[in-house]
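*Asks:* What follows is a single structure, and I will ask about it in a moment.
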C-alpha cells in the first residue's frame, strides 16, 4: 500500500489476527458492548419517522477514551472483514465521522495495519496555505481536507455512525472526487444497519449503492441484535415478539428472510 510504515510480513500478520477475530466474534461482541454501555436500549421508542421501534441506539454515549477506542476496534474488525486491507485512508464526514475515522485508523495500526485518516472542513479554509487564488485540485485539497492527503488513485474507506437519507455521505463523495483524480471509495461502513424500508418501500443502503455505486456495510444489523440479545438475556418474550413484528412489518427482504429461517 502507498501509506504504510510496516513490512508486508507485518501487514499479513495483522490481517490474520483480524480474520481470526472477526469470523467468530465481532458482531456478537459489538451487540454486547452496545448493551453493556447503555447505548442499546430495548423497549418502545418513537423515532423521528414516527415509527414505534422496539429498540434505540444512542451512539452519542461513546464520549470518552475507553468507549471510542473500543468502538474503533469494532470498526477495524468489520473493515477487515468486508474489504480486507486494500485501502489507504479511512475517511469520516464531519462531524460524527471524524472521531470514528481517527479511532478506526488507530485500531488498524494496533493490528500492524497503518492507514491514514481524513475528513473535510464544513467551512472552507481562507488563511495560511489556502490563500492562493488558483483553484486547482491541490488548492481544493488545502482548503477542504484535514488529516491524511487524498491523492490521485487513493482508495478510501468511508465511515460514519448511521445511514439514513445518505445526504452527508453524498457530500463526502463529492469532496473526495473534487480534490483528486481516480479516487476509489472501496466501501462505506456504519455501526448498525436498521435494515428498514421507508414509507415508499425503499432501503436506504440499497438506494445509496444504486445512486453512487458505493456499498455500505455495518458492524451489526437489526437481525444480529435480535439474535444475540436472546443469548444475553437482554429481552423479554414480549420484547422479542415486538422485535419480530417490527422486522416483518418494516424490515428489508434480507431481514425478513433471516428471521423466517430462524423461526421455521
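*Asks:* List the helices (runs of 4 or more DSSP H) inside the stretch 145-235, counting only whole elements, that have at least 2 residues being without any contact (Cβ under 8 Å) to a residue 40 or more places away in the chain and within 24 Å of residue 37 (Cβ to Cβ). Can you show your working first?
*Replies:* On the way: elements: 167-179, 204-212, 222-232.
Filter on the stretch 145-235 gives 222-232.
*Asks:* OK, next. Restricting the search to the stretch 230-243, which residues are surrounded by 17 or more Cβ atoms within 10 Å (Cβ to Cβ) and at pLDDT 90 or above? Working first, answer last.
*Replies:* At the first step, the residues of the stretch 230-243 found to be surrounded by 17 or more Cβ atoms within 10 Å (Cβ to Cβ) are 234-235, 239, 242-243.
239, 242, 243 - these are the residues of the stretch 230-243 that are surrounded by 17 or more Cβ atoms within 10 Å (Cβ to Cβ) and at pLDDT 90 or above.
Listed here are the residues, each with its yes/no results for (1) at pLDDT 95 or above; (2) crowded, with 17+ Cβ neighbours inside 10 Å.
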{"position": "51", "(1), (2)": "no, no"}
{"position": "69", "(1), (2)": "yes, no"}
{"position": "73", "(1), (2)": "yes, yes"}
{"position": "82", "(1), (2)": "no, yes"}
{"position": "90", "(1), (2)": "yes, yes"}
{"position": "106", "(1), (2)": "yes, yes"}
{"position": "121", "(1), (2)": "no, no"}
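*Asks:* Moving to a separate point now. Mind counting the residues in the stretch 161-191 that are farther than 21 Å from residue 137 by Cβ, at pLDDT 95 or above and touching a helix residue (DSSP H, G or I) at 6+ places or on another chain (Cβ under 8 Å)?
*Replies:* The qualifying residues number 4.
*Asks:* Could you check the stretch 251-260 and list, in sequence order, the residues that are under 14 Å from residue 221 (Cα atoms) and in a helix (DSSP H, G or I)?
*Replies:* Let us first name the residues in the stretch 251-260 that are under 14 Å from residue 221 (Cα atoms), namely 251-259.
Selection gives 253, 254, 255, 256, 257, 258, 259.
*Asks:* Being touching a residue at least 60 places away in the same chain (Cβ under 8 Å) and in a strand (DSSP E or B): is that true of residue 55 here?
*Replies:* Details: touching a residue at least 60 places away in the same chain (Cβ under 8 Å): yes; in a strand (DSSP E or B): yes.
Considered against the rule, which asks whether it is touching a residue at least 60 places away in the same chain (Cβ under 8 Å) and in a strand (DSSP E or B), residue 55 comes out as yes.
The values are calculated or read from the model by the stated rules, or taken from the named source; none is laboratory data. All figures in this text were calculated on a predicted structure; none of them were measured in a lab. Neighbour counts are summed over all protein chains in view; Cβ atoms, including those assigned to glycine, are modelled from backbone coordinates with ideal geometry.
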